[in-house]
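Since the structure comes first, as structure tokens, the remarks are kept for the end.
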Amino acid sequence: MRGRRGAASIDTWWHLVDGRAESPLESFARLECVDLGIPPHELQVVVRTPGGAFVGRCDLGWRLRDGRWLIAEVDGREWHSSAAAQAKDQLRQDALLRSGAVAWLGRFTAHDLSDLPGAVQDARRRHESA
């Protein structure tokens, strides 16, 4: 990018780029969290049972002192809007919460993120302090 017109104006943003995001919506949610002062500790969090069995991989995660996670899942319309996808998401969410590794899991859509600025952080803060 160096030497291209306008590149100097975005030089301070390069440290925010993270290739682990799987959609622009995930990036938007993460960057909003960064702007609000509580960036996620991890992206694409792998959740396992105490015995080590894979349960799932989650979009954004904050590690609690007790080792469990607060998780935010960012659901794009393309992959999560059908009834079948929503049923599958619910089963996965139930398994994640039953694993004992996840203290809270919130689901957020594009509508949530665009109409409710700070939605992820507000929900995360409420559950962290509970």
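The values are calculated or read from the model by the stated rules, or taken from the named source; none is laboratory data. Quantities reported herein were computed from a predicted structural model and do not represent experimental measurements. Here the Cβ positions follow ideal geometry from the backbone for every residue, glycine too, while neighbour counts run over all protein chains shown. Surface accessibility is based on the protein's heavy atoms, side chains included, excluding ligands, DNA and RNA. Shrake-Rupley method; radii C 1.70, N 1.55, O 1.52, S 1.80 Å.
Search the stretch 63-90 for residues being surrounded by fewer than 13 Cβ atoms within 10 Å (Cβ to Cβ) and among the acidic types (Asp, Glu), and hand back the single one that is modelled with the highest pLDDT.
Here the answer is Asp66.
Could you list, in sequence order, all residues of the stretch 6-34 that are part of a loop (DSSP other than H, G, I, E, B) and at pLDDT 75 or above?
Ser23
Is it fair to say Gly37 is open to solvent by less than 100 Å² (accessible area, probe 1.4 Å), in a loop (DSSP other than H, G, I, E, B) and modelled with pLDDT under 80?
On the way: open to solvent by less than 100 Å² (accessible area, probe 1.4 Å): yes; in a loop (DSSP other than H, G, I, E, B): yes; modelled with pLDDT under 80: no.
Taking the combined requirement at face value, the residue does not satisfy it.
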